[in-house]
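Can you read through this structure? Questions will come right after.
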Amino acid sequence: QKEVEQDPGPLSVPEGAIVSLNCTYSNSAFQYFMWYRQYSRKGPELLMYTYSSGNKEDGRFTAQLNRASQYISLLIRDSKLSDSATYLCVSTTDSWGKLQFGAGTQVVVTP
Amino acid sequence: TGVTQSPTHLIKTRGQQVTLSCSPISGHRSVSWYQQTPGQGLQFLFEYFSETQRNKGNFPGRFSGRQFSNSRSEMNVSTLELGDSALYLCASTASGSPKGDEQFFGPGTRLTVL
């Protein structure tokens, strides 16, 4: 069983809708939590990064961490066609060098 | 410039060996390697910091790497197997610690083993 679990999708939403992505982790030693976005045939790029319980907002993106439930979510508001990508939920204990990735959720934003 | 990797694509046959190259962002001392496959997703291979392997994932000894004094890194896979077909991603950070740091990924090298 992977230490980071997320629904692989695909998740299809109309342009302008809210996208809600969920992720759970099983390793209580994880301290840092990230959401990466990966376009087809590209390397992942960091979207959001958090290490404390609660919400963190950056423009149209909100990441929520609930340490008690070992649950992370990503909300994308006012979705755009360019948001079509695979979103990776990622955790690590103390180093960027030991990232544990979820399987990724494919999001398709339709016109 | 960002993290660069070479070559972009590579085709090898079973039993051969391959070397992939990664140039981190200038000033970055930590380089990590990942394997991405449709079945297993992204898996951590190893991390190098200042020419020393600092962390290692659960891959067989056929997978090895090294880092040079200019922080450039190479990974080597010997005795290639069909299952080694994957996208190999390299990522770099300044220090390797998530506190106040960010990791940047390269575009990857797509390896096909026939």
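Out of the residues in the stretch A:79-100 that are part of a strand (DSSP E or B) and either loosely packed, with under 14 Cβ neighbours inside 10 Å or small (G, A, S) (or both), which is nearest to the other protein chains (Cβ to nearest Cβ)? Show your work before the answer.
Filtering the stretch A:79-100 for residues part of a strand (DSSP E or B) gives A:85-92, A:100.
Those still in the list that are either loosely packed, with under 14 Cβ neighbours inside 10 Å or small (G, A, S) (or both) too: A:85, A:91.
Working: A:A85: 14, A:S91: 10 Å.
Checking each candidate, the answer is A:S91.
Yes or no, residue by residue, for (1) of a type outside the set (V, I, T); (2) more than 14 Å from the chain's Cα centre (by Cα):
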residue: B:T13; (1), (2): no, yes
residue: B:Q17; (1), (2): yes, yes
residue: B:S23; (1), (2): yes, no
residue: B:L42; (1), (2): yes, no
residue: B:G57; (1), (2): yes, no
residue: B:F68; (1), (2): yes, no
residue: B:L82; (1), (2): yes, yes
residue: B:A86; (1), (2): yes, no
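A follow-up question, please. From A:M34, A:M48, grab the single residue that is touching a Pro at 6+ places or on another chain (Cβ under 9 Å), at pLDDT below 95 and not β-branched (V, I, T).
Answer to the check: A:M34.
Further question: Assess whether B:L111 counts as being buried (at least 19 other Cβ atoms within 10 Å of the Cβ), under 15 Å from the mean Cα position of the chain (by Cα) and within 10 Å of chain A (Cβ to nearest Cβ).
no
To keep it simple, each residue is scored yes or no on (1) within 13 Å of chain B (Cβ to nearest Cβ); (2) buried (at least 17 other Cβ atoms within 10 Å of the Cβ); (3) touching a residue at least 60 places away in the same chain (Cβ under 8 Å).
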position: A:Q6; (1), (2), (3): yes, yes, yes
position: A:P14; (1), (2), (3): no, no, yes
position: A:L21; (1), (2), (3): no, yes, yes
position: A:E45; (1), (2), (3): yes, no, no
position: A:Y51; (1), (2), (3): yes, no, no
position: A:A63; (1), (2), (3): no, yes, no
position: A:R77; (1), (2), (3): no, no, no
position: A:G102; (1), (2), (3): yes, yes, yes
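Next up: Tell me, which strands (runs of 3 or more DSSP E) wholly within the stretch B:13-106 include 1 or more residues that are more than 14 Å from chain A (Cβ to nearest Cβ)?
Here the list reads B:18-23, B:63-67, B:73-77.
The values are calculated or read from the model by the stated rules, or taken from the named source; none is laboratory data. Everything numeric in this text was worked out from a predicted model, so none of it was measured. Don't worry about glycine lacking a Cβ; one is built from the backbone with ideal geometry, like all the others, and counts go over all protein chains shown.
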